[in-house]
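Take a look at the structure below.
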Amino acid sequence: MSALPNDHSPWRGFPVALFLLSPCFWAHADASVLHEANRTEMTAEEVVLPPPPVPMADPDVDLEDNDGPTTQGEKDAEPGVPEPPPDDHAANVQSFDDVKDHMVIIEHENGTGSGFLGMVDGCTYVFTNQHVIAYGARPVFKTMSGNPLKVVGFETSAQHDIARFQLAPDNGISGLELAEKVGIGTPIVVFGNSGGGGVFTELRGTVQGVGPDRIEISAEIVQGNSGSAIIDRDMKVVGIVTYVTMPSEDDDWVKAGTRFAQARRFGLRIAPDHRWIKTDWKTYRGHMDILNGHAQYVDIMFQLAVDWFKDPVAELDKSKYGHPDASRWIDKHAAGLSDYRRTLRKAKVRNLRELNWRNQKVRDALTADYRLLVSCLRKKASEARHKASRNSARMTQYMIEENERLAVAMETLATQIEREGEAMVQRDAFILRN
């Protein structure tokens with residue numbers, strides 16, 4: 001009797017459920033926050049979009065070492081269902097020519113984003129989101145004229161995903177005033193690096209909601225706008241573009257047909273008495289490098305899982321993934337499927353009992369495969385939380401929340417692999433032909 005590969009077995013197909021966990025769902029820093037990575041999560045949660053990659057320019061950054069950290073992380077903005085055009089009275093907001101000297105494009109090796117010049121207590125700062133600059137080692141700040149801005153100090157918000165860099169006194173540049181009050185219906189405009197194209201665009205709208213530390217706006221902010229100023233008709237900054245929430249995939253008849261069933265766009269408010277913490281740039285970068293490593297780990301293990309589920313008995317190339325966990329898994333995967341390959345070469349079994357035995361051997365090997373992937377991801381998530389717990393006093397609130405988000409991403413991917421793996425091993429690898 002011949003034993004043939006069961007090519008029609010469902011486990012040889014690409015798992016749609018796992019596809020929904022694409023790295024696109026794991027956002028880190030959007031050099032604009034509408035973030036710096038290529039990922040978004042289709043849930044009713046905050047989303048940070050990554051910035052498009054750009055060539056790195058020579059930086060003119062001289063950051064003094066300071067103490068401390070702490071920030072809270074919101075997430076990125078991303079395009080959603082188109083919203084109605086802004087009210088006509090939004091046209092009363094100032095034109096780009098009125099504020100262009102205060103607009104800043106931020107570039108680093110992983111993307112581009114937006115920022116603006118603001119005045120606080122007689123000092124001029126470049127304001128942006130932490131997620132805009134968090135994944136770049138050497139950010140470069142440029143004005144509309146293309147001139148680099150020299151900064152001499154770095155501070156992070158004690159509460160939120162906001163950062164600011166103090167300009168060197170010799171820059172001789174002033175900034176926009178920060179508004180203390182804002183109301184629903186206030187016309188606003190956002191000038192920012194939409195899509196990371198390296199040019200400023202104009203997005204008009206109104207304030208649709210107001211909270212103690214944030215506002216909701218109708219201007220259709222997208223990736224690249226993170227860090228942009230939200231400006232009112234008095235040329236004051238009422239907020240900084242930060243994140244977008246996406247509608248849930250679940251049907252919600254209460255929200256159906258309302259704007260709450262569409263993407264919602266938010267900015268954080270920067271009150272004049274906002275609490276800032278002087279932050280050592282090198283320490284900050286060190287912590288962000290760790291978080292970037294976590295994000296890369298999620299991407300690598302996701303890709304490994306996708307490639308494996310496409311064909312669970314295929315040989316995989318270790319050089320494609322570039323991580324020790326992936327390499328060790330591939331070695332064990334190859335060793336565990338020796339019985340499968342032996343059966344293929346032989347193409348014969350003596351009886352049904354032997355066929356069932358060989359199917360069970362393959363089933364055991366595949367079970368070990370998916371359980372090892374799950375174990376690697378959950379162990380990494382636990383390590384990430386443990387390290388963050390030990391270093392929390394030296395991490396910004398944004399870092400703490402970003403670390404937790406990545407740990408959750410690892411656990412979610414592990415759970416999905418476990419679910420798909422359990423379903424996969426229920427299928428026979430071989431079928432009998434007389």
Fill in the blank from the handout: All conditions in (1) surrounded by fewer than 24 Cβ atoms within 10 Å (Cβ to Cβ); (2) within 19 Å of LYS282 (Cβ to Cβ); (3) modelled with pLDDT under 85 are true of LYS150 except (3)
Handout entry: Residue check, VAL182 crowded, with 24+ Cβ neighbours inside 10 Å, over 15 Å from TYR398 (Cβ atoms) and outside the structural domain of MET399 (by TED's automatic domain parsing)
Key = no
Completion exercise
By residue number, the members of segment 185-200 that are surrounded by 18 or more Cβ atoms within 10 Å (Cβ to Cβ) and either modelled with pLDDT of 95 or more or not small (Gly, Ala, Ser) (or both) are THR186, PRO187, ILE188, VAL189, VAL190, PHE191, ASN193, PHE200
Practice task
Determine which single condition VAL210 fails, assuming it passes every other condition in (1) of a type outside the set (D, E, K, R); (2) in contact with a Gly (Cβ under 7 Å, 6 or more places away or on another chain); (3) closer than 19 Å to LEU178 by Cα; (4) modelled with pLDDT under 90.
Solution key: (4)
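Among the candidates GLY211, GLY205, GLY183, GLY172, which residue alone is within 19 Å of ASP101 (Cα to Cα), over 23 Å from the mean Cα position of the chain (by Cα) and small (Gly, Ala, Ser)? Working first, answer last.
Numbers: GLY211 fails: within 19 Å of ASP101 (Cα to Cα); GLY205 fails: within 19 Å of ASP101 (Cα to Cα); GLY183 fails: within 19 Å of ASP101 (Cα to Cα).
Answer to the selection: GLY172.
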Handout entry: Among (1) β-branched (Val, Ile, Thr); (2) more than 18 Å from ARG371 (Cβ to Cβ); (3) in a helix (DSSP H, G or I) - the single one ILE277 does not satisfy
Key = (3)
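In this structure, does LYS142 turn out to be buried (at least 17 other Cβ atoms within 10 Å of the Cβ), basic (Lys, Arg) and over 18 Å from VAL237 (Cα atoms)? Spell out the reasoning first.
Values: buried (at least 17 other Cβ atoms within 10 Å of the Cβ): yes; basic (Lys, Arg): yes; over 18 Å from VAL237 (Cα atoms): yes.
Considered against the rule, which asks whether it is buried (at least 17 other Cβ atoms within 10 Å of the Cβ), basic (Lys, Arg) and over 18 Å from VAL237 (Cα atoms), LYS142 comes out as yes.
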Practice task
Could you list, in sequence order, all residues of segment 267-286 that are within 20 Å of SER226 (Cβ to Cβ) and not aliphatic (A, V, I, L, M)?
Solution key: GLY267, ARG269, HIS274, TRP276, THR279, TRP281, TYR284, ARG285
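Which residue is nearest to ASP289 (Cα to Cα), if the candidates are limited to segment 121-141 and must be part of a strand (DSSP E or B), touching a residue at least 60 places away in the same chain (Cβ under 8 Å) and over 18 Å from the mean Cα position of the chain (by Cα)?
So the first thing to find is which residues in segment 121-141 are part of a strand (DSSP E or B), and the list is 123-128, 140-141.
Still in the list and also touching a residue at least 60 places away in the same chain (Cβ under 8 Å): 127-128, 140-141.
When the remaining residues are screened for being over 18 Å from the mean Cα position of the chain (by Cα), the result is 127, 140-141.
Details: PHE127: 22, VAL140: 18, PHE141: 21 Å.
The qualifying residue nearest to ASP289 (Cα to Cα) is VAL140.
Pick out the one residue from MET235, MET246 that is in the same structural domain as ASN129 (by TED's automatic domain parsing), touching a residue at least 40 places away in the same chain (Cβ under 8 Å), surrounded by fewer than 24 Cβ atoms within 10 Å (Cβ to Cβ) and closer than 30 Å to ALA381 by Cβ. Outline the logic, then answer.
Numbers: MET235 fails: closer than 30 Å to ALA381 by Cβ.
Exactly one residue qualifies, and that residue is MET246.
How about segment 318-434: which helices (runs of 4 or more DSSP H) wholly inside it have at least 1 residues that are at pLDDT 90 or above and closer than 30 Å to THR156 by Cα? Step through it out loud before you land on a result.
Values: elements: 324-336, 338-346, 352-391, 397-424.
Once the helices (runs of 4 or more DSSP H) in segment 318-434 are filtered for at least 1 residues that are at pLDDT 90 or above and closer than 30 Å to THR156 by Cα, what remains is 352-391, 397-424.
How about segment 149-205: which strands (runs of 3 or more DSSP E) wholly inside it have at least 2 residues that are of a type outside the set (A, V, I, L, M, F, W, C)?
Numbers: elements: 151-157, 163-167, 176-178, 187-192.
Result: 151-157, 163-167, 187-192.
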Problem - Close pairs (8 angstrom Cβ cut-off, 6 or more residues apart or separate chains): on the phi > 0 side of the Ramachandran plot in segment 173-191, in a strand (DSSP E or B) anywhere - result: GLY185/THR206; GLY185/VAL207
Exercise for the section: Identify, from the list ILE221, ILE240, ILE133, the residue that is crowded, with 24+ Cβ neighbours inside 10 Å and closer than 17 Å to ALA271 by Cα. Expected result: ILE240
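The values are calculated or read from the model by the stated rules, or taken from the named source; none is laboratory data. Not measured: the values here are computed from a predicted model. Here Cβ is always computed from backbone atoms with ideal geometry, including for glycine, and neighbour counts include all displayed protein chains.
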